[in-house]
Each structure stands twice: as C-alpha cells, then as structure tokens.
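Everything below concerns the one structure shown next.
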Amino acid sequence: MKISDMNWMQVEAYLANDDRAIVPLGSTEQHAYLSLTVDCTLAERVAQEAAEPLGIPVFPTVNYGLTPYFTQYPGTISLKMSTYLSLVGDILDNLAHSGFKRILLVNGHGGNSPAHAFAQEWMQENPNVCVRFHNWWAAAKTMTKVREIDPVASHASWMENFPWTRLADITLPRTQKLMIDLERLRSLNPEQVKDYLGDGNFGGYYQLSDEDMLALWQVAVEETREMMETGWPAT
C-alpha cells in the first residue's frame, strides 16, 4: 500500500505488528525515446505491486539520483553525491525514528549504487535497523528472464519499454542498435557521452511485444516481493 493512502494513526497501528517499509529510488534522466522518468516509474510500480498483497507501506519515490554522465541531455537532473547520500541518510534516520526496522530500498537506476554502500555504513551507527538494497531490473531471476527474451538489452532499450514507460505519438526505430562499449563510455565526459550515444539507447531493440514485457514484469514483481518476505535477519 502507498504511504500516501495512510494517515499517521494507521502507520502507528501498522508498526504495532510489522516494521517493514519500502522506499523506491529513481532518477530523472534521458531514456532515448522513452519517458525521462522511466527509472522512477518502474521502481515505484514494481515496489507497489510487490508490496500490495503483503500490506507493506511504500513511501514516495526519490525521483532524483546520480546521473552526471547524462547531463548534456536536456531534462536530465543529477544530484551531487553529497546531496544524494545526505538525502538517503535523512530518509533512513526518520524511518528508523518512526519505528521501521526493516527497510528495503527498491532501486531503479544503476547510478544510485553508492546508496547501497552508504546504507551499509549507516547500519553501523544503527545496528537495530536492517536496510537492504534491491536493483530490481538486475536481480537474478529478472535478468535471467531478460536474457531469455533477448540477450541484447540495455539502458533505454526494449527492457525498459513497458506500456507505462513509453510515450504516446512517438515512433521508435525498428532496428536493433549495436551495443556500445561500456568501458569506453565510463571514460567520457558528459558532452562526449552524448556524442557517443546519440539517442541514448545503449544497445538492443527499442521495443518488443507487450506479451514479452508483461511476462518479464511478472518475474520482476515476484522477485521483488520475495525480497520483501525473506532474507531479513532474525529479530
């Protein structure tokens, strides 16, 4: 359930029986022909669908992340590392203060990975709280399903093109873009990144069938729900 559908008294009642909370992490950045908020939309949706039958509250998505390499693409917003980690820290501090002791960060953007190390560091000072980090799209079962559908998949390619991330009246290329050299990409500044990537797709088809996408989504939701249900330390 969404925390926006609860009042504080309902949260207090929930905490009398459960101490889990979900925080989706997104990013506002270029995704070629798809929405700039793909990472926000997918992190939020997979978290909400996974949490719904469990009755775990899902907090609002952190819509901005770390994406300095895409800043030459208009509409991309990248926070400074210090700003981002401070924000994540403040969120964790307040969740812990409220009484949440098992917190799952459902991440939708690879550039946000420093939040994982930060959360582990944060737990050193908050040993009674467990924070776990879940890259939903890169989790084992989900990635296996991606490779089963088409192993050529990447940022802004078909694997992020769901009915709820594509834009109306936008015609996508029908070709399969060759995969870029990721090692080369990591050595480029933002202007060079834009020159190298062009439209922003890292490689792969731009769109596959909705049947394939919904099958992939089902695996992602189930795997994310499994993270919410299992693997927590004994209390």
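Key figures
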item	result
Among the residues listed as 189, 201, the single one being surrounded by 19 or more Cβ atoms within 10 Å (Cβ to Cβ), farther than 16 Å from residue 42 by Cα and not charged (D, E, K, R)	201
Condition met for residue 37 (crowded, with 22+ Cβ neighbours inside 10 Å and in contact with an Asp or Glu (Cβ under 9 Å, 6 or more places away or on another chain))	no
Pairs with Cβ under 7 Å, 6+ apart, first in region 165-194 and among the basic types (Lys, Arg), second part of a loop (DSSP other than H, G, I, E, B)	177/201; 177/203; 194/72; 194/73
Matching residues, region 195-227, being under 21 Å from residue 177 (Cβ atoms), touching a residue at least 60 places away in the same chain (Cβ under 8 Å) and among the polar types (S, T, N, Q)	201
Residue among 153, 168 that is part of a loop (DSSP other than H, G, I, E, B), out of contact with any His (no Cβ under 6 Å at 6 or more places or on another chain), closer than 14 Å to residue 201 by Cα and hydrophobic (A, V, I, L, M, F, W, C)	153
Qualifying residue in region 105-123 (condition: touching a Gly at 6+ places or on another chain (Cβ under 8 Å), surrounded by 15 or more Cβ atoms within 10 Å (Cβ to Cβ) and without any contact (Cβ under 8 Å) to a residue 40 or more places away in the chain)	yes
Residue in region 224-234 that is over 30 Å from residue 54 (Cα atoms), out of contact with any Cys (no Cβ under 7 Å at 6 or more places or on another chain) and assigned to a loop (DSSP other than H, G, I, E, B) present	no
Flag if residue 169 is under 22 Å from residue 42 (Cα atoms) and at pLDDT below 95	yes
When residues of region 176-235 are limited to those that are at pLDDT 95 or above and among the β-branched types (Val, Ile, Thr), the one farthest from residue 150 (Cα to Cα)	230
Test set (1) under 19 Å from residue 5 (Cβ atoms); (2) not in a loop (DSSP other than H, G, I, E, B) - residue 105 fails condition number	(1)
Which numbered condition residue 148 misses (of (1) in contact (Cβ under 8 Å) with a residue 12 or more places away in the chain; (2) farther than 30 Å from residue 15 by Cα; (3) over 14 Å from the mean Cα position of the chain (by Cα))	(1)
Every residue from region 53-91 that is crowded, with 21+ Cβ neighbours inside 10 Å and aliphatic (A, V, I, L, M)	56, 58, 62, 66, 88
Complete set of residues in region 18-49 that are charged (D, E, K, R) and assigned to a helix (DSSP H, G or I)	39, 44, 45, 49
Residue 115 within 14 Å of the chain's Cα centre (by Cα), under 25 Å from residue 186 (Cα atoms), part of a loop (DSSP other than H, G, I, E, B) and among the aliphatic types (A, V, I, L, M)	no
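The values are calculated or read from the model by the stated rules, or taken from the named source; none is laboratory data. Model, not experiment: these values are computed from the prediction. So basically every Cβ, Gly included, is an ideal-geometry build from the backbone, and we count neighbours across all protein chains shown.
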